[in-house]
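Colleague: Have a look at this one.
The values are calculated or read from the model by the stated rules, or taken from the named source; none is laboratory data. These figures come from a predicted structure and were not determined experimentally. Note that each Cβ is placed from the backbone with ideal geometry, even for glycine, and that neighbours are counted across all protein chains shown.
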Amino acid sequence: MLAVRGLEARYGRIPALKGIDLDVRAGELVALVGANGAGKTTLLRALSGVQKSSGEILFEGEDIRAAPPEHRVGLGIVQVPEGRQVFGPLTVEDNLHLGAYRRGRARRAETLARVYAMFPVLAERRRHAAGTLSGGQQQMLAIGRALMAEPRLLLLDEPSMGLAPRLVAEIFACVRALRAADTALLLVEQNARAALAIADRGYVLETGRVVLAGSGTQLLADQGVRAAYLGL
């Protein structure tokens, strides 16, 4: 579904990505792990089109590197940003509708019902301002807003950041449910153990480069990964 070859990006003169090669197959969950500053978020931003990059990004065979973000959303590439970034003054339901701005009214209603079924608390608080939700509820809202766009490839950036353990478990249960529904996912996550435990495959990034790749099981068992990212 997604093929990235020689992807590079920089902030001014500072290189952030240095020749990234990466693949995501249809229905696959791929985890990106690495320390802060490794380039994980920059990679997602390059894939969604909000970060300038060079190299090759193929989505189902189409070169999309020059495509604007809205075109990529139309193709089905949708990002859940780090830090949730919900629109605090707007209601929960208004936030969700913003995720479906490219969809017709009938499709929007069907998708909204599915999101409320996945996250009942959002249905309960649909008329509340998004800024009044807890951190975990805002993360559910951010994921729900992305689902309103009917993604074929979902880019998840640090979905468990700042959440209590119980809420982290709920978010990862949601990720597993999306994978079971054959949505392709590219997951950036500081909780490397949790991410690799549910991933089909994973990539380890260090200072803008892929230094290791393999199945989630292989990376969990790798001594270098265990020492650097799992505290073992």
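Colleague: Filter segment 155-170 down to the residues that are of a type in the set (A, V, I, L, M) and in contact with a helix residue (DSSP H, G or I) (Cβ under 6 Å, 6 or more places away or on another chain) and list them by number.
Modeller: 155, 163, 167
Colleague: Could we say that residue 90 is closer than 26 Å to residue 194 by Cβ and more than 16 Å from the chain's Cα centre (by Cα) here? Talk me through it step by step, then tell me what you get.
Modeller: Working: closer than 26 Å to residue 194 by Cβ: no; more than 16 Å from the chain's Cα centre (by Cα): yes.
When the stated conditions are applied, residue 90 does not pass them.
Colleague: Could you pull out every one of the strands (runs of 3 or more DSSP E) wholly within segment 134-232 that has 1 or more residues that are in contact (Cβ under 8 Å) with a residue 60 or more places away in the chain, aromatic (Phe, Trp, Tyr) and out of contact with any Phe, Trp or Tyr (no Cβ under 8 Å at 6 or more places or on another chain)? Don't jump to the end; show me each part of the working.
Modeller: On the way: elements: 153-157, 184-188, 201-206, 209-215.
By residue number, 201-206.
Colleague: Then there's this: Output the number of residues of segment 130-163 satisfying the condition of being more than 15 Å from residue 183 (Cβ to Cβ), in contact with a Leu (Cβ under 7 Å, 6 or more places away or on another chain) and of a type in the set (Gly, Ala, Ser).
Modeller: 3
Colleague: Something else: Keeping to segment 120-172, report how many residues are more than 14 Å from the chain's Cα centre (by Cα) and at negative phi.
Modeller: Residues that pass the stated criteria total 28.
Colleague: Which of the residues belonging to segment 174-207 are surrounded by 20 or more Cβ atoms within 10 Å (Cβ to Cβ) and of a type in the set (Gly, Ala, Ser)?
Modeller: Answer for segment 174-207, where residues must be surrounded by 20 or more Cβ atoms within 10 Å (Cβ to Cβ) and of a type in the set (Gly, Ala, Ser): 184, 192, 195, 199, 202.
Colleague: Which condition number does residue 213 fail, the rest of (1) closer than 26 Å to residue 15 by Cα; (2) surrounded by 17 or more Cβ atoms within 10 Å (Cβ to Cβ) being met?
Modeller: Of the numbered conditions (1) closer than 26 Å to residue 15 by Cα; (2) surrounded by 17 or more Cβ atoms within 10 Å (Cβ to Cβ), the odd one out for residue 213 is (2).
Colleague: So is residue 85 farther than 25 Å from residue 204 by Cα and buried (at least 19 other Cβ atoms within 10 Å of the Cβ) or not?
Modeller: No: the conditions fail for residue 85.
Colleague: Looking at the structure I just gave you, is residue 145 in contact with a Ser or Thr (Cβ under 7 Å, 6 or more places away or on another chain) and at pLDDT 95 or above?
Modeller: no
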